[in-house]
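What follows is calculated from the coordinates using simple rules that are stated; it is not laboratory data. A quick note: this is a predicted structure, and the numbers were derived from the prediction, not measured. All Cβ positions, even for glycine, are placed from backbone atoms using ideal geometry, and neighbour counts span all protein chains on display.
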Amino acid sequence: MLIAQQDYKRMLAYSSIEHMGLVALGTATGSRLAITAVLLHVLGHGLGKAVAFCGAGQLLHLSGSSRITAVRGLVARHPALAGAFGLALLALLGMPPFSLFASEIGIARAGLTSGTGWATAAAFILVLVAFAALTRNSAGILLGAPNPAPATDPPTPPAGHAWQRSPPCRRAGRRRGPRDQPRPAAGAVGHRRHDDRGRPLT
């Protein structure tokens, strides 16, 4: 799933599964070298993944999308963020001089010398596959050509809003009540004033 992944947050999550597999392998080996390498691996992975997820959150805030294709060319657009995110990815890939490089070598040596060489070899073949997938996606995020943003038309307000906000339409749709009937002027010809009981006033 890491090979065909197009979501950089899920890519980091699947990378954690890979590293937890190495931790389980080293713990199962059980030697002093393996346990030391596991503790170093847990420390290095925790620091690197924390920085990577913080960078992923900033990417999501800037682009509004977690798709890898939406954040390509990060070095050209946001150099500082690209530097921090790139260093975190290099650490997760196990590149020197980061601690994951030393811890993975320690886990591999401990596994090969403790009689579990076949399991260690199979595990590190899968690690190489994950390394290639993560490298390809990371290169696209940092160095890929950014996709041009599609031109979008301004949103058109619904017709109902225009009908509700139009004073002539609002007046036309309102029924006239007794208070809305036109009243003749007090001095009009033929008009007589009445008191409260309806009797004409002289």
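Annotation: extensible slack from L39 through Q6 equals 8.8 nm (criterion: 0.36 nm per residue apart, minus Cα-Cα distance). Computed on region 1-78, with alpha-carbon pairs under 8 angstrom and 6+ residues apart, the relative contact order is 37 percent. Between Y14 and Q58, the C-beta separation translates, for a Förster distance of 22 Å, into a calculated FRET efficiency of about 0.60. Here the Karplus relation 6.51 cos²θ - 1.76 cosθ + 1.60, evaluated at θ = phi - 60°, turns the backbone of region 99-114 into coupling constants of 5, 5, 5, 5, 5, 5, 5, x, 5, 5, 5, 5, x, 6, 9, 10 Hz, with x for every Gly and Pro.
Taking amide H positions as modeled 1.01 Å from N, with prolines and chain starts lacking one, the residues under 5 Å from D7 and 5 or more places away or on another chain are I68.
Taking 0.36 nm per intervening residue step and subtracting the Cα-Cα distance, what contour gain separates A84 from A132 on full extension?
15.2 nm
For region 8-143, the relative contact order works out to 35 percent when only alpha carbon pairs closer than 8 Å and six or more residues apart are counted. In this simple spin-label model, placing a label point 7 Å from the Cα along the Cα-to-Cβ direction at both S65 and F101 gives a separation of 3.5 nm.
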